[in-house]
Amino acid sequence: MREDLIWRPLTRGDARTSADLLNAMEAADQVGEFYDERDTLQELVDPYTDLERGSLAAFDGDVMAGFMKTRYQATPDGVHRITMDGGVAPAYRRQGLGTRLLKAGVAAAGELHALHHPALHLAVDIHKPESMAGLAELVRAHGFTQVSYYQHLEHALGDAIPAAPVPTGLRLEPWSAANDEDFRLIRNEAFKTDRLRAPMTAESWTSKITNQSFRPTVSFLLRDEATGAPAGMLVTMSWDADTAATGIRDARFLFVATQEAYRRRGVAAALIGHALRTAAGQGYDRALVEADSQNPFGAINVYEKAGFTPRLRFVSWALEVPHR
């Protein structure tokens, strides 16, 4: 490993160089994710990311050569799952940076766990593209095991969109400030068993979801006309950096969720169909979704019936840390 690199925690002032690093990684890994300074700043100001204790970056002068960043849970249930993100610029790979960053991330997770939820079990999660060279060997060597994968799918909005009527007794609502809390609560309830989607506090929802990349005019909720109860929702995001880099305007359906009492009634299909038609009408070129391979409700099949086709896979790795 090079001895002239400078190692220090990330700061909010690193947004620009973080975006440069992530875009250099994209050029090599070709995942389809691009970043600008606003995007990376949004990650750096996350209320559940402790940059001083939970991050580390390597710098070659003004260039960020690699980084790791952890995110702890505010309200874990049984197991405190800390998510670790990171990467190394292509020009600095195979030089030991990834190993040092991974070890630092596991150590940081232990420190954050002891600070916030020491009575619980700890697990460290990594979620990365299946095609990322060398990653599987690196994480396996440090005790991580593959637990699931997330299938990413796409739908060209010039293609036919299957009919999916709103189920009888439900009405469709666009997102508004008045029903925003219903969106968050549906998301938390529907994904309560999803390892990577911990419950979101109101603060986290505002920071991570209703920010500059949120697309309210392509986000919808279905409500029970008789009781007023929310039945399901769909949240759409779109990143300007992706559009600028590719010329393709994507509508990413970040969350498609149905409340338990309304499942198997066509709620998800109706939301997806309406969002596809709305996105097409607003000039989007493509819709994107992802689904957990372990989703018990057959989400991948729901998306394929709506016309989505597989694009790439992300792998979810986990390190279960013994309770002390």
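Bear in mind that the values in this text are calculations on the coordinates, not laboratory data. Since this is a predicted model, take the numbers as computed values, not measurements. Positions of Cβ are backbone-derived with ideal geometry, glycine not excepted, and every protein chain shown enters the neighbour counts.
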Review point. Over the range 6-143, with a single point scatterer placed on each C-alpha, what log10 of the ratio I(q)/I(0) does the Debye formula yield at q = 0.11, 0.16 1/Å?
Key: -0.38, -0.82
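Go ahead and run the numbers for FRET between residue 107 and residue 4, Cβ-Cβ distance against an R0 of 30 Å, rounding to 0.05.
0.80
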Point to revise | Rough spin-label spacing in nm, given labels placed 7 Å along Cα→Cβ, for residue 211 and residue 94 | key: 3.4
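Could you sort the peptides 30-38, 166-174 by per-residue average Cβ neighbour count (10 Å cutoff), highest mean leading? Present the calculation step by step, with values, prior to reporting the outcome.
Details: 30-38: 16.9, 166-174: 14.2.
Per-residue mean Cβ counts within 10 Å order the peptides as 30-38, 166-174.
Add -39500 (n - 2.57) for each DSSP H run of 4 or more in the chain, then divide by its residues: what number comes out at 222 nm, to the nearest 500 deg cm²/dmol?
-9000 deg cm²/dmol
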Study note, to complete from the structure: For the chain the translational diffusion coefficient, Stokes-Einstein from a Kirkwood Rh over Cα pairs at 25 °C and viscosity 0.890 mPa s, in µm²/s, is roughly 118
**Study point:** Over the range 152-313, equivalent-ellipsoid semi-axes from the Cα gyration tensor in Å
**Key:** 22, 18, 16
**Study point:** Overall form of the range 189-244 per C-alpha gyration tensor (a/c, 1.5; a/b vs b/c)
**Key:** oblate
Review point. Hey, what does the equivalent ellipsoid look like for the range 158-215, semi-axes from the Cα gyration tensor as sqrt of 5 times each eigenvalue, largest first, whole Å?
Key: 24, 15, 15
